[in-house]
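Only one structure is covered here, and it is reproduced in the block below.
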Ligand SMILES: Cc1cc2nc3c(=O)[nH]c(=O)nc-3n(C[C@H](O)[C@H](O)[C@H](O)COP(=O)(O)OP(=O)(O)OC[C@H]3O[C@@H](n4cnc5c(N)ncnc54)[C@H](O)[C@@H]3O)c2cc1C
Ligand SMILES: Cc1cc2nc3c(=O)[nH]c(=O)nc-3n(C[C@H](O)[C@H](O)[C@H](O)COP(=O)(O)OP(=O)(O)OC[C@H]3O[C@@H](n4cnc5c(N)ncnc54)[C@H](O)[C@@H]3O)c2cc1C
């Protein structure tokens, strides 16, 4: 069996950043495995700009952002195999992968970084009544048809869900000459970024219909229309508000799900809320030496944060391989009052740590309060919080060292 | 001129074609759709019924029992997935207990082997996930599940390997009798045959009426289903779970499938429109409410798809099998247990045609074992797979990540009789796009492979034939090269 010190599964922005960070931290025996024919991950199809403001201080398109990392990977001579799908990972870090030239490979890794990204929630999960004609796509699939393949999957479009990809695709399809008739959102607020609602819908006069859903799909061969309706507070459609919209395409942008089949297969402890692994501040999972970062860990809205997180995981993998120990602490991070989840969920070493979190609803004028028991660690006022935007709090090494063990809560208060 | 023309490429038509392919005959199969297996055979519970359910003395009972006996061997010969997973009819009340005893008696009368009545302890020992409410059950270890797509595809494929012709997109709209032949029309197109076998499912009444047989009608009864992510199968069930029939109906079932998922359904709703394949909010609600009585903690957020099948309910309540006209055999009202019965119906079809005067002479080289099927790549050992990949690297190129399907398998599905011609056809044969992402990642690649293999432009590839196109042509940017 081939042996490799560090295997990175997935060659998207997370996998590439992690590999570069690990290499710079001294790991030279490493290998990236990527399923697609190119490095770059999902960013290859995100040809709009808005990437890299935090990381590079300039606005790049998705492919440009990905290319910056792909170039580094190539310049540093980090080995990678594309067209290579990882089909299994065991608890003892044996990776099974397959590609056309090597066939089925088994690789014994000392450390692994999981960076498989996420997938979109499919139609089945939404249980929309009606027929099953052609013309129903997830927004990401449509994005692939338009931006990668160069084909138009629709002419008259209704979009269900106001996630960022849906918003981006509303604009993209419009620019390509399609008519986007409405974006329906089940919740009373959008799950997308405020700037995307402005630039992708409002600028083009596309109506965003909050508290609306698609109740029926019509059409035999190809979609001919959808029936939409307003929903009540309990999200049940209100019959009297039903209206028919003629269209040939229904795009779904109803959320992203971390792609964790391999993670589960390895027996790693999962977080039911994020859909990703439970990790500590270094992004180490319940199996020592196995790390996770990027969208496979929790869904990010900005790729800049993905890169940041991946660097943490890359450096941590290098430390793990070099057997570096730091001062141990045993702290659990717990979301309370209005906070849905945190990443990381555990802190095992006293070092400066940024905790990412998402809130469960739209809130105004709240305080983000970090506590340990009754002791308030920090308390910051926020004018607006929304589920679509990831938030952070910083914990210093000093605070963590003092605390040593216990539970830190992060919650919203008046 | 064909000796025999079979109308309808569902499981009955496919297996009739296979049975006839053993003889020195010129046979064709017509279907209005772009593929085999697009009617009831595509959307059903996929249960090989043990046979305790059908009323003794009916055609349903006769062919169910015989079909169930034949099915395992047929699947083996054709390389189709068949799993004897056993079924449990769950009971909740004393009344149910009495009904289960009746079913037991009926089963014994129908010749079903190894039936057993269980108390709660017995049920839980077999299936610990049943709900607290369950008090007793009838256990039928001979109950099995089969891949209906596989059976249709391999059945017709085997027939084609042995010379049968498959004509797609041929919707019979008129039949004329000439002296020595029937002429079947689809618009301007015609097919001539000395004998006709009508296996047109929901439209078997319409086809029979074209030669003057209006002795029966067929109406649709809707059955809706939900399919769950297979990650949850271990916490649900590997059995087929029925509930005890009551005067109100048979209720739904919760069953494992040969694809490894758990499926919930079907509902039962009388319809008139034979084209209404909608799923409904009421159906979904009914499945949710009913299935909660079978097993604990069904994860409804892990539903990956839902679909509808239409039962072809005949006006007599039983299968309707007779000669509609001389040399014109009709299989009408083939509702459940039609899938189970199909091998037996095919056997009987040959007998009936002989009675009608068809001369049967066996081919010397016909074997029941299909040798020209697609290789079962996913069942191979790593060493075997590596051998194949070395020969044909496309088998190392994974296209569908959820179900682990390679380009090689997709190409084989297109090239192997009867050959997929659209995205749904590839899906039924390979499971690509049937997994948890439902084709989100792989459909654009499958479109590309279909376009290449069929030599047609990308935008002409369809989801399921006809007008079900996927793309409307180029973007403004025009050609891309990925
Ligand atoms: C359709 C879509 C559109 C998006 N649009 C935007 C946007 O406009 N702006 C934005 O900021 N963010 C967007 N996002 C979020 C975006 O995914 C992240 O910002 C970033 O791309 C995540 O990086 P990643 O490396 O974690 O995941 P990905 O970019 O998804 O990369 C994961 C990589 O792992 C590979 N992989 C997965 N499984 C395996 C396996 N078993 N074996 C080998 N390789 C494997 C995949 O092929 C992929 O290349 C979008 C996400 C999606 C799904
Ligand atoms: C909800 C449901 C659940 C079921 N569960 C089970 C089960 O668990 N076990 C079991 O044994 N059975 C079950 N059945 C029954 C079983 O599915 C059917 O009996 C069986 O599939 C019927 O096969 P068929 O070939 O007669 O019909 P079909 O598969 O419907 O095939 C008929 C074909 O005829 C074609 N056709 C129609 N009109 C024309 C025309 N004018 N010209 C050309 N072609 C035409 C159609 O396109 C179609 O392909 C179930 C059925 C349903 C609907």
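The values are calculated or read from the model by the stated rules, or taken from the named source; none is laboratory data. Nothing here was measured: the structure is a model prediction, and the numbers come from that model. Cβ sites come from the backbone with ideal geometry, for glycine too, and all protein chains shown count toward neighbours.
Matching residues to (1) within 16 Å of ligand 2 (Cβ to nearest atom); (2) over 24 Å from residue B:43 (Cα atoms):
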residue	(1), (2)
B:344	yes, no
B:352	yes, yes
B:357	no, yes
B:361	no, yes
B:373	no, no
B:405	no, no
B:411	no, yes
B:420	yes, no
B:424	yes, no
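From A:255, A:276, which residue is closer than 22 Å to residue A:340 by Cα, away from chain B (no Cβ under 14 Å) and in contact (Cβ under 8 Å) with a residue 60 or more places away in the chain? Result of the check over A:255, A:276: A:276.
If you take the residues of region B:369-392 that are surrounded by fewer than 13 Cβ atoms within 10 Å (Cβ to Cβ) and more than 11 Å from chain A (Cβ to nearest Cβ), which of them is modelled with the highest pLDDT? Result: B:369.
The residues of region B:96-144 include none that are under 28 Å from the mean Cα position of the chain (by Cα), at pLDDT 95 or above and loosely packed, with under 14 Cβ neighbours inside 10 Å.
Being surrounded by fewer than 15 Cβ atoms within 10 Å (Cβ to Cβ) and out of contact with any strand residue (DSSP E or B) (no Cβ under 7 Å at 6 or more places or on another chain), is that true of even one residue in region B:167-176? No, because not a single residue in region B:167-176 is surrounded by fewer than 15 Cβ atoms within 10 Å (Cβ to Cβ) and out of contact with any strand residue (DSSP E or B) (no Cβ under 7 Å at 6 or more places or on another chain). The numbered conditions (1) at pLDDT 95 or above; (2) within 22 Å of residue B:243 (Cβ to Cβ); (3) within 14 Å of chain A (Cβ to nearest Cβ) are all true for residue B:313 except (3). Hey, any hits in region B:71-79 for a residue that's at pLDDT 95 or above, touching a strand residue (DSSP E or B) at 6+ places or on another chain (Cβ under 8 Å) and surrounded by fewer than 21 Cβ atoms within 10 Å (Cβ to Cβ)? Yes, some residue in region B:71-79 is at pLDDT 95 or above, touching a strand residue (DSSP E or B) at 6+ places or on another chain (Cβ under 8 Å) and surrounded by fewer than 21 Cβ atoms within 10 Å (Cβ to Cβ). Residues that are under 23 Å from the mean Cα position of the chain (by Cα) and in a strand (DSSP E or B) were ranked within region A:96-127; the one that is surrounded by the fewest Cβ atoms within 10 Å (Cβ to Cβ) is A:119. When you check residue A:176 against the structure, is it surrounded by fewer than 22 Cβ atoms within 10 Å (Cβ to Cβ), more than 30 Å from residue A:359 (Cβ to Cβ) and more than 10 Å from every other protein chain (Cβ to nearest Cβ), yes or no? Answer is no for this residue. Consider region A:194-209. How many of its residues are loosely packed, with under 12 Cβ neighbours inside 10 Å and not in a helix (DSSP H, G or I)? So the count comes out to 1. Total residues in region A:221-252 satisfying the condition of being under 30 Å from residue A:302 (Cα atoms) and within 11 Å of chain B (Cβ to nearest Cβ): the figure is 2. Just one of the numbered conditions (1) in contact (Cβ under 8 Å) with a residue 24 or more places away in the chain; (2) more than 9 Å from chain A (Cβ to nearest Cβ) is not true of residue B:419: (1). The residue that is farthest from the chain's Cα centre (by Cα), among those in region B:218-233 that are assigned to a strand (DSSP E or B) and within 14 Å of another protein chain (Cβ to nearest Cβ), is B:228.
Conditions tested, residue by residue: (1) over 25 Å from residue A:164 (Cα atoms); (2) more than 22 Å from the chain's Cα centre (by Cα); (3) surrounded by 17 or more Cβ atoms within 10 Å (Cβ to Cβ).
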| position | (1), (2), (3) |
| --- | --- |
| A:3 | yes, yes, no |
| A:7 | yes, no, yes |
| A:20 | yes, no, yes |
| A:39 | no, no, yes |
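For every residue, the table says whether it meets (1) away from ligand 1 (no atom under 13 Å from the Cβ); (2) at positive phi.
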position: A:87; (1), (2): no, no
position: A:98; (1), (2): no, no
position: A:103; (1), (2): yes, yes
position: A:107; (1), (2): no, no
position: A:113; (1), (2): no, no
position: A:129; (1), (2): yes, no
position: A:138; (1), (2): no, no
position: A:153; (1), (2): yes, no
position: A:159; (1), (2): yes, no
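In the condition set (1) more than 9 Å from ligand 2 (Cβ to nearest atom); (2) at pLDDT 95 or above, residue B:37 is compliant with all but (1). A count restricted to region B:274-298 and to residues that are within 11 Å of chain A (Cβ to nearest Cβ) and more than 30 Å from residue B:106 (Cα to Cα) stands at 12. Screening A:218, A:212 for residues that are more than 14 Å from chain B (Cβ to nearest Cβ) and in contact with a strand residue (DSSP E or B) (Cβ under 6 Å, 6 or more places away or on another chain) leaves exactly one candidate, A:212. Selection over region B:434-461 of residues that are in contact with a helix residue (DSSP H, G or I) (Cβ under 8 Å, 6 or more places away or on another chain), at the interface with another protein chain (Cβ under 7 Å from one of its Cβ atoms) and outside any loop (DSSP other than H, G, I, E, B) gives a count of 3. Taken over region B:234-267, the residue count meeting the criterion of being over 17 Å from the mean Cα position of the chain (by Cα), outside any strand (DSSP E or B) and crowded, with 17+ Cβ neighbours inside 10 Å is 8. Taking the stated definitions as given, is residue A:245 surrounded by fewer than 21 Cβ atoms within 10 Å (Cβ to Cβ) and touching a strand residue (DSSP E or B) at 6+ places or on another chain (Cβ under 6 Å)? So residue A:245 passes the test.
Within region B:37-50, residues that are within 20 Å of residue B:465 (Cβ to Cβ) and within 14 Å of chain A (Cβ to nearest Cβ) sit with their Cβ atoms under 9 Å from residues that are near ligand 2 (Cβ under 6 Å from one of its atoms) and not in a loop (DSSP other than H, G, I, E, B), at 6+ positions apart or across chains, in these pairs: B:42/B:309; B:43/B:223; B:43/B:309; B:43/B:310. Residue count for region A:33-60 satisfying the condition of being away from chain B (no Cβ under 14 Å) and more than 9 Å from ligand 1 (Cβ to nearest atom): 10. If only residues of region A:128-152 that are assigned to a loop (DSSP other than H, G, I, E, B) and within 18 Å of residue B:475 (Cα to Cα) are counted, the one that is nearest to ligand 2 (Cβ to nearest atom) is A:135.
(1) at the interface with another protein chain (Cβ under 7 Å from one of its Cβ atoms); (2) over 19 Å from residue A:228 (Cβ atoms): which one isn't true of residue A:132, the others all being true? For residue A:132, the failing item is (2).
Return a yes/no flag: does region A:153-173 have any residue that is part of a helix (DSSP H, G or I) and facing chain B (nearest Cβ under 9 Å). No, region A:153-173 has no match at all.
When you go through (1) more than 10 Å from every other protein chain (Cβ to nearest Cβ); (2) modelled with pLDDT of 95 or more one by one for residue B:397, which number turns out not to apply? Exception for residue B:397: condition (1).
Entry remark, region B:23-34: residues being in a loop (DSSP other than H, G, I, E, B) and more than 10 Å from ligand 2 (Cβ to nearest atom) number 3 in total.
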